[in-house]
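*Asks:* Could you have a look at this structure, given as structure tokens, before my questions?
The values are calculated or read from the model by the stated rules, or taken from the named source; none is laboratory data. Treat the numbers as computed from the prediction; the structure is a model and nothing was measured. Using ideal geometry, Cβ is built from the backbone for each residue, glycine included, and neighbour counts are taken over all protein chains shown. Side chains included, ligands, DNA and RNA excluded: accessible areas come from the protein's heavy atoms. Shrake-Rupley method; radii C 1.70, N 1.55, O 1.52, S 1.80 Å.
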Amino acid sequence: MTGVTLSRWTMSYFAAALAALIAAECLMAAGYGYPAAAIGAPETLVLVHIVALGWLSLLMCGALFQFVPVMIAKPLYSNMLPLPTLACLLAGLAALLLGFLQLAGVVTQGAPLLAIGAVLLGLGFSLVLWNLGRTLWAARPLPLPSHFVIVGLCSIGATAIFGIVFAFVLSGVTAYPHLVDVATMGLPIHIIAGLGGWLTFTAIGVSYRLLAMFMLAPELKGPTTRGAFYAGASALALIIIGGATAICLHGSLTVILSIGGLLGLAAMALYGTDILHLYRARKRRKIELNSRMAAVALGNFAATAALIIILLVFGALERNIAAVVFFVAFGWLSGLGLSKLYKIVAFLTWLECYGPVLGKTATPRVQDLVVEHRAIRWFVLYFLGVWSATAALLLAQPSAFRVAVAVMLVATAGIIVQLVRTRRLADVQAALRLPAGVRQPRLLFSWNNLPERKPT
Amino acid sequence: MTTFVELDVRPILRAGGEPFEQILNTVNALKPGEGLRLLATFKPTPLLHVLGSKGFTHEAKEIGGGDWEVQFSPSGAPATNAANPAKPATATADDSVWPEPVQHLDNRDLDPPEPMVRIMAATESLAPGEVLSAFLCREPIFLFPELAKRGHSWRGGFESDGTTYKVLVRVNPTKGASA
């Protein structure tokens, strides 16, 4: 019952993540990578990893350092470790991107940059796993939503291992036959473990808790939630472990992916039932912008399932896989991420600034830190951009895609301006902004007024 | 081999009573090497922390019908109450008998973080050593560090309905003395 304090470096993760999102949108709008380049071209790989690692993974790590403790009501194992972890992840990402540019012939330096990048990323994610793993271990027995996070953490481990194998084979560090097999056939597993296991399954776990918390809805732990967990976890286990085995024994990867896919769709359906229940059973009738925009992202998640089924029926999934992955990354994961950031940044900033003086003096409400009617325009524009860009990919219209991504870029910049204004308390009435005893918050880290807890 | 003294507080809990004092009296009466086997109608999370700070390890298991059996064994390690002087008064360092609450708040239907705002405001209006109680709809994890910073102590846990969280906050007895 020691409670949860502010995660010191979460804001740095959010800032680095948003910078990566802007960079990726600039590159896409400029016509870099797919669809101008091939789907497996080094340029596309640069783009994909800026989004998956730079934006989505850093966002997820920053959020987990704050919200895993909230889920389990236990403090984070180490509040210092996230900073070196971030440095490791960023250095790894930079080396990996340079390694892809080596493949493209843009960088001619001789070092095995892909392998170096993969090792640094592996180290960074190991530090994430160590810190969150120790935090979770100390809190056993664990509530159900955190089980999703544990599977997500195992999935990032698997994703990283596949990535390291690819990097070692591609940079010529190893030519061991099984590893070469994994590198040539394992790409679907790498993508499913990363986008499906690490990012989606973790986001599902966190969303169960955050949506219930922000909408005053009951915590779910019934059969549908357990069903979603078991179906999703077994889909991932089958695809990752079964898939790797199938590759090494020259079995059929297609069968494994199909069964895994069906289990995954079942998990999505059960999760969908739960989320509809959460929105309907909420006590807070008028919900805030973040919950409304999260609903749009959740709708996009459901639409992904529909899109996959339709494309399968018409035998067009493989041809349009880029559009599906784009929609998962930007319609679902980024949509959910941006909408939750809008709440999290305001809430954490409010707690950091005004927690110490609550009751002693007049303080603003959390909602006084944001101006929703201004932010909603940028969110609407963002989702319009995502839908148009996905349609442009499906219809093979590269110029329209670039225009749509430019719209997303403008909208993202608009949302970031709102986040910075919140962090700077710029929208709080001047009379309430900085009462005695309140410090202006820093953009990149959080003051933590409690002495550091020694890990035991 | 640890021998266990059994204490069944389920009748007290079902009658709406507060068995905390009786549990502590039983624990204080234990002979060296003896443990406590406690039967309760819910998992007594706050008690696990309190007895943990008195050097007991625990093993909790659900025994059906929503009831819990917890075995507290002496760990042989000394109590660690005074190990963290930076946090002088948290739930783990205070097992004395508290006065009856002078104020009660029902914060179950308030939007977060309004429950915390009201509790912090109420602690400012109470006299040193006075106790306030509040009903909440979840464990107030962000509240505890703020209470600790001001030297207030707290005890809390879910009621037997499993959804209402009741927290007692005792205002720092030395409040204002140092200001």
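*Asks:* Please indicate, with yes or no, whether at least one residue in the stretch A:196-208 is within 14 Å of another protein chain (Cβ to nearest Cβ) and modelled with pLDDT under 95.
*Replies:* yes
*Asks:* A further question on this structure: Quick check on my filter: what residues within the stretch A:13-34 are without any contact (Cβ under 8 Å) to a residue 40 or more places away in the chain and not in a helix (DSSP H, G or I)?
*Replies:* Residues satisfying the conditions are A:32, A:33.
*Asks:* In addition: Report, by residue number, each residue of the stretch B:146-165 that is outside any strand (DSSP E or B) and either among the aliphatic types (A, V, I, L, M) or surrounded by 17 or more Cβ atoms within 10 Å (Cβ to Cβ) (or both).
*Replies:* Within the stretch B:146-165, B:146, B:147, B:148, B:150, B:151, B:152 meet the criteria.
*Asks:* Here's something else I'd like to know. What residue, of A:447, A:387, is of a type outside the set (Gly, Ala, Ser) and under 23 Å from residue A:36 (Cβ atoms)?
*Replies:* Answer to the check: A:387.
Here is a yes/no grid of residues against (1) closer than 30 Å to residue A:378 by Cβ; (2) of a type outside the set (Gly, Ala, Ser); (3) exposed (fewer than 15 other Cβ atoms within 10 Å of the Cβ); (4) not assigned by TED's automatic domain parsing to the domain that holds residue A:375:
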| residue | (1), (2), (3), (4) |
| --- | --- |
| A:249 | no, yes, yes, yes |
| A:253 | no, yes, no, yes |
| A:257 | no, yes, no, yes |
| A:266 | no, no, no, yes |
| A:290 | yes, yes, no, yes |
| A:295 | yes, no, no, yes |
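*Asks:* So which residues in the stretch A:310-327 are touching a residue at least 12 places away in the same chain (Cβ under 8 Å) and either surrounded by fewer than 22 Cβ atoms within 10 Å (Cβ to Cβ) or among the small types (Gly, Ala, Ser) (or both)?
*Replies:* Across the stretch A:310-327, the qualifying residues are A:311, A:320, A:321, A:322, A:323, A:324, A:325.
*Asks:* Let me ask something else. Given the condition on the phi > 0 side of the Ramachandran plot, open to solvent by less than 40 Å² (accessible area, probe 1.4 Å) and within 14 Å of chain B (Cβ to nearest Cβ), answer yes or no: does some residue in the stretch A:219-235 qualify?
*Replies:* No: the stretch A:219-235 contains no residue that is on the phi > 0 side of the Ramachandran plot, open to solvent by less than 40 Å² (accessible area, probe 1.4 Å) and within 14 Å of chain B (Cβ to nearest Cβ).
*Asks:* If you don't mind, there's one more thing I want to ask. Based on this model, can you work out whether residue A:103 counts as over 30 Å from residue A:208 (Cα atoms) and over 20 Å from the mean Cα position of the chain (by Cα)?
*Replies:* yes
*Asks:* Same structure again: Quick check on residue B:168: is it over 18 Å from residue B:13 (Cα atoms) and either in contact (Cβ under 8 Å) with a residue 24 or more places away in the chain or not in a strand (DSSP E or B) (or both)?
*Replies:* no
*Asks:* I've got another one for you. Considering A:225, A:304, which residue is among the hydroxyl-bearing types (Ser, Thr, Tyr) and either within 18 Å of the chain's Cα centre (by Cα) or assigned by TED's automatic domain parsing to the domain that holds residue A:37 (or both)?
*Replies:* Criteria check complete, one pass: A:304.
*Asks:* Can you report the number of residues in the stretch B:120-145 which are touching a residue at least 12 places away in the same chain (Cβ under 8 Å), farther than 22 Å from residue A:219 by Cα and either more than 12 Å from chain A (Cβ to nearest Cβ) or open to solvent by less than 10 Å² (accessible area, probe 1.4 Å) (or both)?
*Replies:* Residues meeting the conditions: 10.
*Asks:* OK, next. Select from the stretch A:342-371 the residues that are under 17 Å from residue B:115 (Cβ atoms) and open to solvent by 30 Å² or more (accessible area, probe 1.4 Å) and write down the one among them that is nearest to the other protein chains (Cβ to nearest Cβ).
*Replies:* The selected residue is A:359.
*Asks:* Same structure, new question: In this structure, is residue A:406 modelled with pLDDT of 95 or more and either more than 14 Å from chain B (Cβ to nearest Cβ) or under 26 Å from residue A:65 (Cα atoms) (or both)?
*Replies:* Criteria met by residue A:406.
*Asks:* I would also like to ask the following. Quick one: which residue in A:146, A:126 is part of a helix (DSSP H, G or I) and either modelled with pLDDT under 95 or of a type in the set (D, E, K, R) (or both)?
*Replies:* A:146
*Asks:* Name every residue in the stretch B:107-148 that is acidic (Asp, Glu) and under 22 Å from residue B:20 (Cα atoms), in order of residue number.
*Replies:* B:130, B:139
*Asks:* Does at least one position in the stretch A:394-408 carry a residue that is under 30 Å from residue A:328 (Cβ atoms), in contact with a Gly (Cβ under 6 Å, 6 or more places away or on another chain), crowded, with 19+ Cβ neighbours inside 10 Å and free of Cβ contacts under 8 Å to residues at least 24 places away in the same chain?
*Replies:* yes
*Asks:* Condition first: more than 8 Å from chain A (Cβ to nearest Cβ) and either in a loop (DSSP other than H, G, I, E, B) or buried (at least 22 other Cβ atoms within 10 Å of the Cβ) (or both). Now tell me which residues in the stretch B:109-118 satisfy that.
*Replies:* Residues satisfying the conditions are B:110, B:115.
*Asks:* Testing residue A:244 on (1) within 14 Å of chain B (Cβ to nearest Cβ); (2) in a helix (DSSP H, G or I), one condition comes back false. Which one is that?
*Replies:* (1)
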